[in-house]
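Shown next, in C-alpha cells, is the structure this report addresses.
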Amino acid sequence: MFKAMTETCSVFGCKADKEIVSLHVLPKDVNIRMKWVHFIWKNRNIPAKLPDKTRVCSSHFPETCFENFIQKQMGFATKLILKPDAVPTIYPGDGASTSHHISPPSITALRSHTRDVGCQCEPLEKPQRTVSTQLSHLTLIHRRSQAIQVKPSSKAFGINTDVCSGFGGFLSTTIKEEPPPLKRRRIDALPDGTEESEDPLPDPDDISLHQSTSAFSDKTNGSPVTPVQDVTKYIVYEDCLLSLFLTCPCCGQTCEVNKFVRGTFLSVSQRCPFCQFNRKWNSQPIIGSTPAGNLHLSAAVNFTGSSFRQFNKVMSALKVRTIAETTYFDHARSYMDPCVFSTWKRLQADLIQTLSQREDVTLGGAMRANIPGHNDKYGSYSVMDLHNRTIVDVQLMQSSEVGSSVNMEKEGLIRSMNFLEASGVKINTIVTDTHPQIQKYLKEQKPEVTHFYDMWHVAKGVSKKLEALAKEQKCDKVKKWQKRVVNHLYWSSTSSSSGEEAVAKWASISNHVQNIHSHNNALFPECQHSETDGSLSRKWLKPASKPAFKFQRIVENKRLMRDVAKLSPTHQMSAIERFHGVFLQFAPKNLVFSYRGMLCRLYLSAIHFNENVTRGQLKTKDGALVYKIKCPKTKKGQCSIQAVKTKPTSGYVDNLLQILFSEVLNDPGRFTAELDQLIAPEPPSTEPRRSDRDEAIAGILSRFSCPGEWSGEKGEV
C-alpha cells in the first residue's frame, strides 16, 4: 500500500511535506475501502468512479495504524507499513494532526525507548566551594586507570514485541553474539531433492539448542514443562514453516534463511542483512547429541510392534522426513530392547510372586513356531496361568540349540518349569497338547504334576478323521454326524468325574449312531437323552455296514481312548491360542528377526496381552450385549456367534516411553548390562562359501538358450 511521492494526497486541504510523508493506495477490503472514501470526500459528493490515483498520505493516520512505526523512527525500516484494518481519522488542521516526521536515530530518541543500565552521576545543584587540603606526596601525579574488561557472551537489544497491536514498551531479549567464522559451523540450506544431511548436529552447548536431559522437569513461569514424549506433534509443510522466517520482525526486510535437517529434526537460522537481526529455531529438543523426535519415532514403532519398513513406506508417500533404517535398528539395540527387557522382568517378578503364594497352580503351555513345517528357526513356548489367563513365562528356542525343530517344544516346557520352580512356584496341574515327548517327560520326570490334554486339539484330530471318512464311497452319512461327535466329546469330558467314566461315555457314540442306546459298560449303561423322533431316521448308520465299521475304528482307537481319559474337564488352552495370534501381530512370520529382536518382540506381545486380558464384552447404550456373526473359512460354510469385546488399550506404550526418556536415556548402561548377560545361540548354519562373481554369472543357464551354446553329449555347457 506504499507509493513513492510522485502523486499527491487526495484529502482536501492536505499540505503535508512530500519529502517526509508516504502515500498509501486504497485497501482491497470493501468495508475498509468505503471508510477511506468517506474520509476523503467528507461533506462532498463521492464520484461514481474513483480516480485511479487516489492516495492518502501517512499524516492522516495515528501512530497505532502502522506496523513498524517505532522501527522506522529508530532507523531500522525504510518505509511505513499500514495494518490491514487501518483507517484514516486525522483531517488537516486538527489538533491531533502530525506529519510523522521521521528523523535519523539519535541518542535522545533511543533514550525514550531504552533504559541505560550503569553508574550515572547526577548534576550538582549546590554551588561548589574550594577547600584547601594537605595532600601526601605524589598525590597529584597523573596515573592511568587500569581495569579488567570482560567480553560478555551476549548483547542486549531493545526489540518491540508488540508489532501488530500498539506500541508498548521494549523487551530486553538476549541474542547470542556471532563467534568468529572459523570457530562456528554454519548451517547451510540443503539443496532441493537431497537426502538426509550427514553433517554433525549443531553444537549442543549452544544456548539456543540447550535442553534439559535429566528428567525434563524444568519449570517455566511456575508450571512444570510437559515431558518430551507427551508433547503434541503436528505435520507441518515446509513452505508454510519457512514463510514465518522470510520477513524480519524488526525492519520488515527479507531475511536470509538456512535450514539443517537430520531425520525428523529441522533447525532454521534467520539473519537480516539490513539490521543484523538473527535467531535460530529448532523443531524439537536435543537429548545429548540425538534429536528427541528421532528417538521418539523409533520408540513408537518398536513399542507398538509395528514394522519400520511399512511405516517408512507411509512416510515416503507423505514426503515426510524420517530416520534411516540403520538409525532405527541402532536405537532399538541401544535403548528400546533394554527398556522392554527390563520392564518385562519387573512385571514377571510380580506375577511369579503372586503364583508362589498360591497352593493350587494350574498352568497351560503351548509352542508357536516361527515358520510352518519342520524347518523352523525359532520356536516360542508360552506358559499361562489358567486361573486368570495371564502369561507368566515365555521361552525362545533356536532349532540349532536342540538338534532339530521337533525338539523345541519339549525344551521350552523344561526351561519354563525349571524357571518357575526355581522361583518358588509349586505346579500342581499343567494342560498341554498331546505331544508325545511332553507326555513322556512329565510321566517320567514330573510324576507329581497332574497332566491334562487340551480338548480342542483332540477334537480337531477326530473331526479331521471323520471328514476324511465321509469322502469315501457310501460313507457320506458320516458327514451328518461330524459336529455331533465333537459335541459329544466335549460333553463326555466335562460331565465326568473320572477318566474312566469319560471313556465309557465317549465309546457309547459308536452304538448311538447305529440307533443302539444300551451299552455293555457299568459306568454308562445307556444313553441319557430322551426318546428320539423320526427326524434322525435318515442319519442312522446301518449296523455291520462299512460306514459303521470304520466309524467304530476311529472312535475306539486305543491312543484316542487314552487321550480322552486325560482330557481337561475345566481349563482349556484357547486363551494361549489367542496370545499366539497377538504374537503374530508383533512378529509376523514373513519378517526375519535376530534372536534378541525376536525375544523382545515376544516380551512386548506378552505385556500387551496381559494388559488386555480382562477386557469385557461391549454393550449398547441400552445395556444389551453386542454379538457378531462370523463365517470363517475353517468352518466351511458354517457360521458362529461371537461376543464383541471392548477395544484393546495400549497403556503399556506410555509406560515404556516414560521409562525410556526418564531412566534409560539417563543411565543406559544399567539397562544394557542386564540384557548383555543374555547369551544368544549361534546361527543355525555357517555362511555358505561365496562363489566368484564371474563364475556365478557363467553358471546361469536359461531354458531358452540357443542350441549352439551347448556342448557335450549330455548337454553340459
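Would you tally the residues in the stretch 69-87 being assigned to a loop (DSSP other than H, G, I, E, B), surrounded by 21 or more Cβ atoms within 10 Å (Cβ to Cβ) and more than 49 Å from the chain's Cα centre (by Cα)?
0
Table: residues versus (1) in a strand (DSSP E or B); (2) within 25 Å of Gly651 (Cα to Cα); (3) open to solvent by 50 Å² or more (accessible area, probe 1.4 Å).
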| position | (1), (2), (3) |
| --- | --- |
| Asn258 | yes, no, no |
| Val261 | yes, no, no |
| Ser267 | yes, no, no |
| Pro273 | no, no, yes |
| Ser306 | no, yes, no |
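Kindly check whether there is at least one residue in the stretch 358-370 that is farther than 24 Å from Asn612 by Cβ and open to solvent by 50 Å² or more (accessible area, probe 1.4 Å).
Checked against the condition, which is being farther than 24 Å from Asn612 by Cβ and open to solvent by 50 Å² or more (accessible area, probe 1.4 Å), the stretch 358-370 yields at least one hit.
Any residue at all in the stretch 535-554 that's in contact with a strand residue (DSSP E or B) (Cβ under 7 Å, 6 or more places away or on another chain) and buried (at least 17 other Cβ atoms within 10 Å of the Cβ)?
Checked against the condition, which is being in contact with a strand residue (DSSP E or B) (Cβ under 7 Å, 6 or more places away or on another chain) and buried (at least 17 other Cβ atoms within 10 Å of the Cβ), the stretch 535-554 yields no hits at all.
Just to confirm my filter: which helices (runs of 4 or more DSSP H) fall fully inside the stretch 482-577 and include at least 3 residues that are more than 30 Å from His451 (Cα to Cα)?
Fully inside the stretch 482-577 and qualifying: 546-555.
How many residues, within the stretch 631-671, are part of a helix (DSSP H, G or I) and in contact with a Gly (Cβ under 8 Å, 6 or more places away or on another chain)?
Total meeting the criteria: 0.
For the stretch 499-510, enumerate the residues that are within 12 Å of Val485 (Cα to Cα) and free of Cβ contacts under 8 Å to residues at least 24 places away in the same chain.
Lys505, Ser508
Which condition does His331 not pass, out of (1) in contact with a helix residue (DSSP H, G or I) (Cβ under 6 Å, 6 or more places away or on another chain); (2) not assigned by the TED database to the domain that holds Ser605, if it passes all the others?
Checking His331 against (1) in contact with a helix residue (DSSP H, G or I) (Cβ under 6 Å, 6 or more places away or on another chain); (2) not assigned by the TED database to the domain that holds Ser605, the one that fails is (2).
Would the stretch 264-275 turn up any residue that is within 30 Å of Asn418 (Cβ to Cβ), in contact (Cβ under 8 Å) with a residue 60 or more places away in the chain and of a type in the set (S, T, N, Q)?
no
Residues being closer than 15 Å to Leu466 by Cα and either of a type in the set (Val, Ile, Thr) or touching a helix residue (DSSP H, G or I) at 6+ places or on another chain (Cβ under 9 Å) (or both): count how many of those fall in the stretch 540-552.
Summing the residues that are closer than 15 Å to Leu466 by Cα and either of a type in the set (Val, Ile, Thr) or touching a helix residue (DSSP H, G or I) at 6+ places or on another chain (Cβ under 9 Å) (or both) in the stretch 540-552 gives 6.
For the stretch 605-626, indicate whether the set of residues that are touching a residue at least 60 places away in the same chain (Cβ under 8 Å) and among the acidic types (Asp, Glu) is non-empty.
no
Is it true that some residue in the stretch 580-587 is part of a helix (DSSP H, G or I), at pLDDT below 90, of a type outside the set (Ser, Thr, Tyr) and loosely packed, with under 15 Cβ neighbours inside 10 Å?
no
Tell me which residues, restricted to the stretch 464-477, are open to solvent by 30 Å² or more (accessible area, probe 1.4 Å) and assigned to a helix (DSSP H, G or I).
Listed by number, the residues that qualify are Lys464, Lys465, Glu467, Ala468.
Do you know which residues across the stretch 499-533 are of a type in the set (S, T, N, Q) and in contact with a strand residue (DSSP E or B) (Cβ under 7 Å, 6 or more places away or on another chain)?
Ser518
The values are calculated or read from the model by the stated rules, or taken from the named source; none is laboratory data. If you're wondering where the values come from, they're calculated on a predicted model, not measured in any experiment. Neighbour counts run over all protein chains shown; Cβ positions are idealised from the backbone, glycine included. All accessible areas refer to the heavy atoms of the entire protein, side chains included, with ligands and DNA or RNA removed. Shrake-Rupley method; radii C 1.70, N 1.55, O 1.52, S 1.80 Å.
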